[in-house]
Structures are given as structure tokens and as C-alpha cells.
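Reading through the C-alpha cells given below for one structure.
The values are calculated or read from the model by the stated rules, or taken from the named source; none is laboratory data. Since this is a predicted model, take the numbers as computed values, not measurements. Positions of Cβ are backbone-derived with ideal geometry, glycine not excepted, and every protein chain shown enters the neighbour counts.
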Amino acid sequence: MNPIVRFERVSKVYEMGEVEVHALRGIEFEVHRGEMVAIMGASGSGKSTMLNILGTLDRPTSGHYFLDGEPVEELDEYELASLRNRKIGFVFQSFNLLPRDTALENVELPMVYAAESATARRRRALKALERVGLADRVDHLPNQLSGGQQQRVSIARAIVNEPLMLLADEPTGALDSTTTKQVMELFVELHKKGLTVIVVTHDPGIAEYAERVVRFQDGRILSDERRGAGHPFRAPREHTS
């Protein structure tokens, strides 16, 4: 089976005045459909740059990135935006919800960009909110929801277009340990139903939910551990005061 993500000697160099910062150094990397992958590394290791390139928010300085067989570097900005909206769902630490829009309206947003009809948007958004356990919160504004509920809304928004993969950037960084467990179990549930999930995290406890852990250091892949389907993951430990 062909990978949905393939990096061929991908490098990324940022110019900081007269200094060149090598964020990624010749990365070779593949992700196949249905995998759940955790990308780990300290600050400056390259994991955030990796996420930005995976999400087509940034381009490699050299090398090739193929998403579902498409050579990403050959696409213009309009084509990239279309590809991103159709094939990638994003979940961020800060939720990124529109504060004056209801949960339903926030989830409908990707379909507005895709010019879906109002009827189709509502039907699909309601289904996505039901999948994340928020069917009874559709008319609530973000400030009427807990942090965990807000993150579930953002997950519903990320999956409403039935993307090829879900990219999550430190998705539990703003949540307590109990809510973290609930959100990560939701990612696992989506993964078990066939969704490809890539989580960027610095937390080993979060990485325990993944079947594969890729560790970055100094812009290179330090290790790539595959645990196999159905490995016994461990939830993060509850914090005690």
C-alpha cells in the first residue's frame, strides 16, 4: 500500500540575519493510512517544523513531500489551500475557535470554505459533534464550554470534511489530566475507525497512546519505534495535590 505521507530527503533552512538555522536535515519519513503516530522532541528539535510542512503550512527548502501521492512543492497557494481543506484536519493546543460563533457554526467553518450548501453543512456538522459526544452542546458559545468540550469542538471541526489525516499540535497542553485522558481516548477511538492521526507532543505520556513514536533531535529523526496494532497504551498518570 502506498504511503499517504512521504518525505524524500526533506530539509528546511531558515535564515536569521546572517545565520542559517537548519530545522530539518534530510528527513526520510513515511506514514501509511490508518496509523497513529506521535512525533516527539525537545524545543528546537525540528518537530514543529515537521508539523508545519506536513500540514502544508510551510514548504521544504529542499527535498520532496508527497501527500496522498501529490508532489506538494508543485502546487500553488490556491491549490495548497484546497488540498489542506480537503485532506488535513488540524487540532491546536489553543482550540482556535471563533468566540462569537456557536459550536455548530465553528464546526461548519471548513465547509463554508468548500462552498457546501447550508443544509449539508448543518447535517455534517451535527454528525461530527455527535461523534465527539457534544450533540447536546451545538448552540453553546465557546465561553459556555469547558476546555475539554472546546477541544472536542475543534476535533469535530477537524474531522467534518472527513480528511485523509488529522494533525494535532500539543492538543492537550491546555487541559487537566482527567480531560487529557478523555481527549486522547477520543483520538484513539477515531484512529481505530480508520483515521490517520499524527500528534506532535513533548509529553511521553501522550506519546503512549500512539502505535508509533518518532523522536526528533537536531533536525534529524533520532528513533522510529513501531509498537504494532493493539499495543497496550498507558494513559497519563493522574496528578495528585
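Odds and ends about this structure:
- Taking the stretch 194-214 as the range and being among the charged types (D, E, K, R) and either crowded, with 23+ Cβ neighbours inside 10 Å or touching a Lys or Arg at 6+ places or on another chain (Cβ under 9 Å) (or both) as the test, the residues that pass are E208, E211, R212.
- The residues on offer are A168, A158, and the sole one that is in contact with a strand residue (DSSP E or B) (Cβ under 8 Å, 6 or more places away or on another chain), more than 18 Å from M40 (Cα to Cα) and modelled with pLDDT of 95 or more is A158.
- Test: residue in the stretch 77-84 that is among the charged types (D, E, K, R), at pLDDT below 95 and crowded, with 18+ Cβ neighbours inside 10 Å: yes
- Any hit, the stretch 142-155, residues being out of contact with any helix residue (DSSP H, G or I) (no Cβ under 6 Å at 6 or more places or on another chain), assigned to a helix (DSSP H, G or I) and in contact (Cβ under 8 Å) with a residue 60 or more places away in the chain: yes
- Of the residues making up the stretch 55-66, one or more are in a strand (DSSP E or B), crowded, with 20+ Cβ neighbours inside 10 Å and in contact with an Asp or Glu (Cβ under 9 Å, 6 or more places away or on another chain).
- Residue pairs meeting the criteria (Cβ under 7 Å; at least 6 apart or on separate chains; first over 20 Å from S43 (Cα atoms), in the stretch 193-210; second of a type in the set (D, E, K, R) and surrounded by fewer than 23 Cβ atoms within 10 Å (Cβ to Cβ)): T196/R33; T196/E35
- Considering only residues in the stretch 18-51 that are assigned to a strand (DSSP E or B) and of a type in the set (D, E), the one that is farthest from the chain's Cα centre (by Cα) turns out to be E20.
- Among (1) surrounded by 18 or more Cβ atoms within 10 Å (Cβ to Cβ); (2) assigned to a helix (DSSP H, G or I) - the single one T172 does not satisfy: (2)
- Taken over the stretch 1-37, the criterion of being touching a helix residue (DSSP H, G or I) at 6+ places or on another chain (Cβ under 6 Å) and within 22 Å of G69 (Cα to Cα) is satisfied by K12, L24, M36.
- Residues being part of a loop (DSSP other than H, G, I, E, B), crowded, with 18+ Cβ neighbours inside 10 Å and of a type outside the set (D, E) - total across the stretch 103-132: 1
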